[in-house]
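Worksheet: the structure to be examined is printed underneath.
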Amino acid sequence: MTAIAVQAQRLLAQRRPQRPFLESFIRALIIVCAALALVLSSVSICDGHWLLAEDRLFGLWHFCTSSNQTGTHCLRDLSWAQVPGLAVGMVLARSVGALAVVAAILGLELLMVSQVCEDLHSRRKWAMGSVVLLISFVLSSGGLLSFVILLWNHVTLTGFTLMFWCEFTASFLFFLNAISGLHINSITQPWGQPRKF
């Protein structure tokens with residue numbers, strides 16, 4: 001009976017190798033920060049109001065004007081903003097931003113699965129998740145950059161809304177988590193290999 005228990009413990013030890021606490025903690029922090037970036041980016045894209053210029057509010061989905069007499073009036077037709085190429089450019093900006101969120105969801109899922117289902121392919125899943133987060137950073141940055149370029153004549157540093165800064169922060173966190181994930185994967189040993197003391 002004891003021989004069976006010892007053999008079962010060996011099989012379990014081979015299936016779920018032990019990792020140092022610090023490595024597990026850093027990987028968990030990367031996952032939490034990636035989730036935070038995903039939430040920030042999702043809220044920012046869904047709200048979409050990114051730039052306030054005098055009495056006009058420019059967004060990914062709407063263009064709003066406000067006055068004391070009529071209050072706030074929002075239009076889905078961005079051509080009313082009288083900015084050349086804005087309607088077509090915003091389609092690109094919001095499409096790229098939405099793709100960044102989708103990529104971030106996939107990357108976060110790969111990171112989480114690599115930690116929950118520990119097997120021989122966990123390190124590969126972690127690396128793939130980090131690369132997908134890096135792609136999310138590129139897409140998110142592209143959306144931000146295209147928005148700023150389209151509205152360059154109206155841009156002021158104080159005109160950017162909280163939602164714009166949420167997307168900026170999310171983009172930075174996507175980059176930071178992707179690089180950190182790739183780095184920790186490169187400096188740690190594969191979990192199945194015996195460690196030398």
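The values are calculated or read from the model by the stated rules, or taken from the named source; none is laboratory data. These numbers were taken from a predicted model, which means no experiment stands behind them. So basically every Cβ, Gly included, is an ideal-geometry build from the backbone, and we count neighbours across all protein chains shown. Side chains are part of the model used for accessible areas, which takes the heavy atoms of the whole protein and leaves out ligands, DNA and RNA. Shrake-Rupley method; radii C 1.70, N 1.55, O 1.52, S 1.80 Å.
Could you check region 21-130 for strands (runs of 3 or more DSSP E) lying wholly inside it with 1 or more residues that are hydrophobic (A, V, I, L, M, F, W, C) and open to solvent by 70 Å² or more (accessible area, probe 1.4 Å)?
In region 21-130, 49-53 are the strands (runs of 3 or more DSSP E) which contain 1 or more residues that are hydrophobic (A, V, I, L, M, F, W, C) and open to solvent by 70 Å² or more (accessible area, probe 1.4 Å).
Conditions first: (1) closer than 18 Å to LEU52 by Cβ; (2) of a type outside the set (A, V, I, L, M); (3) open to solvent by less than 40 Å² (accessible area, probe 1.4 Å); (4) in contact with a Ser or Thr (Cβ under 9 Å, 6 or more places away or on another chain). PHE160 passes all but one, so which condition is the exception?
Failed condition: (4).
Do we have SER95 as within 30 Å of ALA81 (Cα to Cα), among the hydroxyl-bearing types (Ser, Thr, Tyr) and either out of contact with any helix residue (DSSP H, G or I) (no Cβ under 6 Å at 6 or more places or on another chain) or in contact (Cβ under 8 Å) with a residue 40 or more places away in the chain (or both) here?
yes
Go through region 130-160 and give me each residue that's over 11 Å from the mean Cα position of the chain (by Cα) and under 22 Å from LEU36 (Cα atoms). Walk me through how you get there before you give the answer.
From region 130-160, those over 11 Å from the mean Cα position of the chain (by Cα) are 131, 142-160; that's our starting set.
If the condition is that a residue be over 11 Å from the mean Cα position of the chain (by Cα) and under 22 Å from LEU36 (Cα atoms), then VAL131, GLY142, GLY143, LEU144, LEU145, PHE160 are the ones that fit.
Of the residues ILE179, ILE187, which is in contact (Cβ under 8 Å) with a residue 24 or more places away in the chain and surrounded by fewer than 17 Cβ atoms within 10 Å (Cβ to Cβ)?
The unique qualifying residue is ILE179.
Check whether at least one residue in region 153-175 is touching a Lys or Arg at 6+ places or on another chain (Cβ under 6 Å) and among the small types (Gly, Ala, Ser), and report yes or no.
no
Taking ILE135 as the residue in question, decide whether it is surrounded by fewer than 21 Cβ atoms within 10 Å (Cβ to Cβ), modelled with pLDDT of 90 or more and closer than 23 Å to ALA28 by Cβ.
Yes.
Just to be sure I understand the filter: pairs with C-beta atoms under 6 Å, separated by 6 or more residues or on different chains, first member in region 73-84 and of a type in the set (S, T, N, Q), second member outside any loop (DSSP other than H, G, I, E, B). Which pairs pass?
Listed by first residue and then by second, the contacts come to SER79/ALA87.
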